[in-house]
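**Q** This is the structure I have questions about; it appears just below.
Laboratory data are not the source of any read-out in this text; all were calculated from the coordinates shown. Everything numeric in this text was worked out from a predicted model, so none of it was measured. Using ideal geometry, Cβ is built from the backbone for each residue, glycine included, and neighbour counts are taken over all protein chains shown.
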Amino acid sequence: MNGKERLSELDFFKHVSDETLNELWAKGTVERCLKGTVIRRAKELNQNVYFQVSGKSVVYNLTHTGRRKIIFILGKGHMLNGHIIQNHVASLFIETIEESSIFRVPISAFINAMKKDFTLVEAVLTAQETKIWRLGHQLKNTMGSIYMERKLAAKLWKLSRDFGKETKDGIEIDLNLPITFLADMLGAPRETTSRLCSTLMEYDLIRINKKRITIVDKDRMAHFYKTGEYYL
């Protein structure tokens, strides 16, 4: 399989020209990474652009107290970088949460390809605009106008949309989601997060089997996180 065929499987590159795909493939490498591999650390010089070929990764930062705050969970086809043009010092951490394949290409080669192919520029802009849109929704949900139960419900609903698979019990999120991980997503203590999960289970909105969470009914879940009302 050549570079065009391999990269064209990723949503990010679906409109990029064949010539650019082959050029980037020739300049880059694919690395197999175990779960828990830190791809990039905050405040370190970043010399590559990273793409998720398989598996999933989280983008996060550390609070002033040293707690991890997860910002994005990104799967196949996503560009993992936040900075490309202006600042090559990373501001966030990137870490795999599953065994993954990561395609990396030097920033200099990526920028040269952008100069020659506007479809690549459009792909970068689309990816960054999507992240900005998602951050806007996260900020709206952290301004005190939404109860923590609804905030957790909104995040789980979003994960079920991005990584869900249909089962007889509902939509299972195809991720291991221990309480500690959910707490990092919410920016809340573990004990609080555990209590929130229990509340959503009491409302029959979710079911938890070990570390797997199933959304019982996505429409009821959406109604709850938008209005705070639930029905059985």
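**Q** Return the loop-located trypsin sites (Lys or Arg not before Pro) in the range 41-109 (DSSP other than H, G, I, E, B) with at most 14 other Cβ atoms within 10 Å of their own Cβ; answer none if there are none.
**A** Working: sites: R41, K43, K56, R67, R68, K69, K76, R104; in loops: R41, K43, K56, R67, K76.
Passing sites in the range 41-109 are R41, K43, R67.
**Q** From the square roots a ≥ b ≥ c of the eigenvalues of the alpha-carbon gyration tensor of the range 1-101, which class results: rounded (a/c under 1.5), prolate (a/b over b/c), or oblate?
**A** Numbers: a/c = 2.34, a/b = 1.69, b/c = 1.38.
Prolate.
**Q** Using 0.36 nm per residue of separation minus the Cα-Cα distance, give me the extension gain between S198 and E98 in nm, one decimal.
**A** Gain on stretching S198 to E98: 33.4 nm.
**Q** When ranked by the protection proxy of mean other Cβ atoms within 10 Å per residue, highest first, what sequence do the peptides 109-116, 153-160 form? Please report the intermediate quantities before stating the final value.
**A** Values: 109-116: 15.6, 153-160: 22.0.
Averaged packing, sorted descending, gives the order 153-160, 109-116.
**Q** Under 20 Å Cα to Cα from K115, which lysines show up? Leave out anything in the same chain fewer than 8 places away.
**A** K4, K14, K27
**Q** What is the ratio of the Cα radius of gyration of the range 113-232 to 2.2 N^0.38 Å, where N is its residue count, to two decimals?
**A** On the way: Rg = 16.6 Å, N = 120, 2.2 N^0.38 = 13.6 Å.
Relative to the 2.2 N^0.38 Å estimate, the range 113-232 comes out at 1.22.
**Q** Less than 15 Å Cβ to Cβ from F163, Lys/Arg counted +1 and Asp/Glu -1: what total charge do the surrounding residues give?
**A** Charge balance near F163 sits at +4.
**Q** Using alpha-carbon positions, what is the distance between the centroids of the range 182-232 and the range 147-171, in Å?
**A** After rounding, the separation between the Cα centres reads 8 Å.
**Q** Turning to a different aspect of this structure: With a cut-off of at most 14 other beta carbons within 10 Å, and DSSP calling the residue loop, which chymotrypsin sites (Phe, Trp or Tyr not before Pro) in the range 1-94 qualify? Please list them.
**A** Sparse-neighbourhood loop chymotrypsin sites (Phe, Trp or Tyr not before Pro): none present.
**Q** Let me test this: with uniform point scatterers at the alpha carbons of the chain, what is the Debye-based log₁₀ I(q)/I(0) at q = 0.12, 0.16 1/Å?
**A** Results for the chain at q = 0.12, 0.16 Å⁻¹ read -0.72, -1.15.
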